[in-house]
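Working notes, structure below.
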Amino acid sequence: MHRALAVALAVLAAVMAAGCTGTPSPSISPVPNATLVLNGTTNVTLDYAGVLALPSVSGVGGAVSTTGILMGPYRIKGVALSTLAEQVGGMGPNQTMRVHAPDGYMWVLDRDRVDGEGFVVFSPELKELANPPALVPVLMYEQNGTPLSKEQGGPFRIAVLDPAGSPVITEGSGWVKWVDRVEIR
Ligand SMILES: Nc1nc2c(c(=O)[nH]1)N[C@H]1C(S)=C(S)[C@@H](COP(=O)(O)O)O[C@H]1N2
Ligand SMILES: [Mo]
């Protein structure tokens, strides 16, 4: 009994000592570790804070997978792809933007798409809209007010939003996950 009590007290003392003197616990950073490479007339490499420092756009958008599964619509915050292009000298009318991910996935947008034109747009009921609103394709870093998890395609994923807030649904194949490089050529 005495011995058990002594052990218990020793353990308690050790726990309290650790709690009080506390060597700093390994910091769990809320800032995702990320690198975004922009290749154009010039080349720029941004970290997560560098992307968040760019002018942002917010709105609403969702996606539909090729198998008909609806994702969202979500509240979205990110950087317009046109703003990314401006960081490296802009995009000519006959140039294309290639969005790369480390799994080898790549999506090509022409100038009209970067400007938000020509997307096939659906309602959340997946009815195609004859007269869709003006859209903005973005490099999304926040979905419903939260940074994107890796599972959600984070830290950076392509999304297409309506800045006026209507729940526009676009084709999921363009919503590139884990974007690490954007190339103008
Ligand atoms: N990096 C990367 N992004 C990607 C894909 C992929 O294979 N790799 N698939 C695309 C396709 S075809 C669809 S329909 C959606 C699927 O999104 P989900 O994985 O969040 O369901 O992601 C898109 N983004
Ligand atoms: Mo897909």
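The values are calculated or read from the model by the stated rules, or taken from the named source; none is laboratory data. Computed from a predicted model, the values in this text were never measured in an experiment. Cβ atoms come from the backbone with ideal geometry, glycine included; neighbour counts cover every protein chain shown. These area figures cover heavy atoms from the full protein model, side chains too; ligands, DNA and RNA do not enter into them. Shrake-Rupley method; radii C 1.70, N 1.55, O 1.52, S 1.80 Å.
Results, tabulated for the structure shown:
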item	result
Tally, over segment 65-92, of residues that are within 16 Å of ligand 1 (Cβ to nearest atom) and in contact with a helix residue (DSSP H, G or I) (Cβ under 6 Å, 6 or more places away or on another chain)	2
Of residues in segment 82-108 being part of a loop (DSSP other than H, G, I, E, B) and small (G, A, S), the one surrounded by the most Cβ atoms within 10 Å (Cβ to Cβ)	A101
Of all residues making up segment 123-150, the number that are open to solvent by 40 Å² or more (accessible area, probe 1.4 Å) and within 11 Å of the chain's Cα centre (by Cα)	5
Of the criteria (1) free of Cβ contacts under 8 Å to residues at least 60 places away in the same chain; (2) loosely packed, with under 14 Cβ neighbours inside 10 Å; (3) β-branched (V, I, T), which one T41 fails	(1)
Of residues in segment 152-166 being more than 16 Å from ligand 2 (Cβ to nearest atom) and not aliphatic (A, V, I, L, M), the one surrounded by the most Cβ atoms within 10 Å (Cβ to Cβ)	F156
Test: residue in segment 109-120 that is closer than 22 Å to T66 by Cβ, open to solvent by less than 30 Å² (accessible area, probe 1.4 Å), within 15 Å of the chain's Cα centre (by Cα) and within 16 Å of ligand 1 (Cβ to nearest atom)	no
Of residues in segment 66-81 being open to solvent by 30 Å² or more (accessible area, probe 1.4 Å) and not in a strand (DSSP E or B), the one nearest to ligand 2 (Cβ to nearest atom)	T66
Any hit, segment 167-178, residues being open to solvent by 30 Å² or more (accessible area, probe 1.4 Å), basic (K, R) and within 20 Å of the chain's Cα centre (by Cα)	yes
